[in-house]
Amino acid sequence: MVDLDPTTPDSIIWKWESSGQYSSKSAYKALFSGRVTFLSTPIWKSLAPPRCCFFLWLVAINRCWTADRLRSRGLPHPDRCVLCDQYEESIDHILVACPESRQLWWWTLQAIRSPNCLLVNEPSFHNWLCESRMKIGERHRRGFDTVVTLMAWTIWKERNNQIFNQQQRSWTEVAKAMAEEAMLWKSANHGIPAVWPLRGRGSQI
Ligand SMILES: [Zn+2]
C-alpha cells in the first residue's frame with residue numbers, strides 16, 4: 001500500500017540511480033539489465049579484426065539495422081528475412097535461427113570439432129556464445145571466439161550482399177570464401193589457432 005501525498009508535486013525519478021538522477025553509467029547498466037548473460041570478453045578479446053569485434057558488440061546490444069529495428073522506427077524494411085524468405089528478420093534470427101545460415105554453423109562447428117556447441121532453440125546469439133564458449137577448454141576459447149566472430153561477420157556480409165547488391169551465393173561458396181578470409185586473418189595474426197578446417201579431411205565442402 002502506498003500513501004500518496006496530494007500536496008507533493010509529481011516529479012520524474014530515474015530508477016537506475018539511488019539518487020533518482022540520470023547518469024550515463026547507470027543507463028549503460030540498465031541497457032543490459034534484461035539480458036540473461038552478458039560478457040564482453042568474447043567480443044573484445046577475440047583475435048578478429050576490430051571492425052568485426054565492433055559488429056559483434058552491435059549484435060550484443062541489438063543495434064544492427066535489421067527489419068525489426070527498421071520497422072520499429074517506421075523506416076522501409078524487408079518483409080521477411082532475405083536469407084530464408086520465411087520469417088521476420090532480426091539479428092538473432094539471422095545469426096541463430098535462420099534455417100539457411102545454420103548450414104554455415106553446422107559445417108564450421110563440425111569442422112572445428114565442436115559439434116556439442118550446435119545451436120538448439122537458442123533465441124539469442126550472444127547468450128549462445130557466452131554459454132557455448134564455456135564448453136571449450138580455456139586454452140582454445142579465444143580461438144573459438146574468433147571463429148564464431150568470423151562466422152557471424154560472414155553471415156551478416158552475405159545478408160547485406162543479397163539486400164544491397166542482389167547477389168546470391170550458395171552456402172558452399174560462402175563457406176569457401178570464409179575459409180579464405182580466415183587464412184588472411186591468420187597470416188595477419190599468428191596467435192589465431194589453426195582451426196580452419198573446411199578444406200580438411202572429412203570436410204563437407
Ligand atoms: Zn531467415
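Just so you know, all these numbers are worked out from the coordinates, no wet-lab data involved. These figures come from a predicted structure and were not determined experimentally. So basically every Cβ, Gly included, is an ideal-geometry build from the backbone, and we count neighbours across all protein chains shown.
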Answer yes if at least one residue in the range 149-160 is closer than 17 Å to Ser46 by Cβ, away from the ligand (no atom under 16 Å from the Cβ) and touching a Ser or Thr at 6+ places or on another chain (Cβ under 8 Å), and no otherwise. yes
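Here's the yes/no breakdown for (1) over 15 Å from Met151 (Cα atoms); (2) surrounded by fewer than 16 Cβ atoms within 10 Å (Cβ to Cβ); (3) more than 15 Å from the ligand (Cβ to nearest atom); (4) over 18 Å from the mean Cα position of the chain (by Cα):
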residue: Trp65; (1), (2), (3), (4): yes, yes, yes, no
residue: Arg73; (1), (2), (3), (4): yes, yes, yes, yes
residue: Arg80; (1), (2), (3), (4): yes, yes, no, yes
residue: Gln110; (1), (2), (3), (4): no, no, yes, yes
(1) over 18 Å from Val174 (Cβ atoms); (2) within 16 Å of the ligand (Cβ to nearest atom); (3) among the polar types (S, T, N, Q) all hold for Asn127 apart from (2)
Cross-chain or 6+ apart pairs with Cβ under 7 Å, the range 159-184 first and touching a residue at least 60 places away in the same chain (Cβ under 8 Å), then part of a loop (DSSP other than H, G, I, E, B) and surrounded by fewer than 13 Cβ atoms within 10 Å (Cβ to Cβ): Gln162/Gln168
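Based on this model, can you work out whether Leu150 counts as buried (at least 21 other Cβ atoms within 10 Å of the Cβ) and either within 20 Å of Cys64 (Cα to Cα) or within 16 Å of the chain's Cα centre (by Cα) (or both)? Write out each step before concluding.
Details: buried (at least 21 other Cβ atoms within 10 Å of the Cβ): yes; either within 20 Å of Cys64 (Cα to Cα) or within 16 Å of the chain's Cα centre (by Cα) (or both): yes.
Yes; evaluated as a whole, the condition is true for this residue.
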Of those in the range 40-51 that are surrounded by fewer than 20 Cβ atoms within 10 Å (Cβ to Cβ) and under 18 Å from Lys157 (Cβ atoms), the residue nearest to the ligand (Cβ to nearest atom) is Arg51
State the number of residues belonging to the range 45-75 that are touching a Gly at 6+ places or on another chain (Cβ under 9 Å) and within 19 Å of Phe164 (Cα to Cα). 0
